[in-house]
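The next block holds one structure in the form of structure tokens; read it before the comments.
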Amino acid sequence: MIIKEEIFIKPFKTNRLLHIYLPDNIKEGERFPVMYMFDGHNLFYDTDATYGKSWGIKDFLDSVNGRIIIVGIECNHEGNMRLCEFSPYSFTDEEWGKVRGLGKKTTNWIADVLKPYIDSKFPTLPEREFTGIGGSSMGGLMSVYGIATRSDVFSKAACVSPFYDYIFGKLVKDIENTSFNSDTTIYISWGKREFAGAKNLAIGTEKNLIISRMFTEKGAKVFPHLMVSGGHDETSWEKELPSFFYELGYIK
């Protein structure tokens, strides 16, 4: 089932809609691992999705009897605020202008406020080993950043098509300098069709491999995936669901 409810985000002084997936037919005493995901409106239903196509996570988990809770956090749809809230770093983009990096506040709010709230209200397995973070594009960037800087809370990350433009050097520096729990599993992917031409594909591939190697050197178990037919869209990301849910240990 999908539950939708508003929650107040104190750092941004605004309400935001949560899209929460719960398994059906919950047995008495049953508890579940949790994955916190960005762009919650794009995760479950096509009717809610920005471009009319969702990841189809509900249908997938229902089909495999996935016993997991997904907490999808809807983005801020005003102006360029999605970019601001989903980027840990400030940058300037030709289309979107000045982006103020508020992603650190978003990450800490998820780890320190949202997670305790979800644990208090739903039948979760609250321990770190059962807690993950995931998303695509800006949400993919936030998942890389979140697992790097808050591995005290998250032990798993699905970093799908991460956005690296303008901020890659800052991200690398933070991964280098942060303390990190080596008992961590990370799925990181990028699609061949996301890049225009062989040169850009090689550059994008190298960036993802740099991040993968850095996490590996810190002791994490990393699963890098080049999706040969993958694009930067929900249709492509839906095809990855079996891979990352399996490799992160959420399904068998």
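The values are calculated or read from the model by the stated rules, or taken from the named source; none is laboratory data. Keep in mind that this is a model prediction, so the values were computed, not measured. Cβ atoms come from the backbone with ideal geometry, glycine included; neighbour counts cover every protein chain shown.
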If you go through 78, 6, 95, the only one that is over 18 Å from residue 139 (Cβ atoms) and either in a loop (DSSP other than H, G, I, E, B) or touching a residue at least 60 places away in the same chain (Cβ under 8 Å) (or both) is 95
If we keep only residues of region 152-187 that are among the hydroxyl-bearing types (Ser, Thr, Tyr) and either surrounded by 23 or more Cβ atoms within 10 Å (Cβ to Cβ) or touching a His at 6+ places or on another chain (Cβ under 6 Å) (or both), then the residue nearest to residue 96 (Cα to Cα) is 161
Subset of region 19-28, residues without any contact (Cβ under 8 Å) to a residue 60 or more places away in the chain and either closer than 16 Å to residue 116 by Cα or not in a strand (DSSP E or B) (or both), comes to 23, 24, 25, 27, 28
ask   = Is it true that residue 96 is touching a Leu at 6+ places or on another chain (Cβ under 7 Å) and more than 25 Å from residue 221 (Cα to Cα)?
value = yes
**Prompt:** Does region 30-40 contain any residue that is more than 15 Å from the chain's Cα centre (by Cα) and farther than 23 Å from residue 155 by Cβ?
**Reply:** no
With the first residue restricted to region 212-240 and required to be farther than 14 Å from residue 189 by Cβ and without any contact (Cβ under 8 Å) to a residue 24 or more places away in the chain, and the second required to be of a type outside the set (Lys, Arg) and crowded, with 18+ Cβ neighbours inside 10 Å, Cβ contacts under 7 Å at 6 or more apart or on different chains are 216/222
- Residue check for residue 136: polar (S, T, N, Q), within 13 Å of the chain's Cα centre (by Cα) and more than 23 Å from residue 235 (Cα to Cα): no
- Task: Answer yes or no as to whether residue 120 is over 23 Å from residue 192 (Cβ atoms) and without any contact (Cβ under 8 Å) to a residue 12 or more places away in the chain.
- Result: yes
When region 195-230 is checked residue by residue, the ones that are in a loop (DSSP other than H, G, I, E, B) and crowded, with 16+ Cβ neighbours inside 10 Å are 195, 218, 220, 230
When region 200-242 is checked residue by residue, the ones that are of a type in the set (Ser, Thr, Tyr) and modelled with pLDDT of 95 or more are 205, 212, 216, 235, 236
Across (1) under 27 Å from residue 194 (Cβ atoms); (2) touching a Lys or Arg at 6+ places or on another chain (Cβ under 6 Å); (3) part of a helix (DSSP H, G or I), residue 111 clears everything bar (1)
Counting only residues in region 69-104 that are in contact with a strand residue (DSSP E or B) (Cβ under 9 Å, 6 or more places away or on another chain) and of a type in the set (Phe, Trp, Tyr), the one surrounded by the fewest Cβ atoms within 10 Å (Cβ to Cβ) is identified as 91
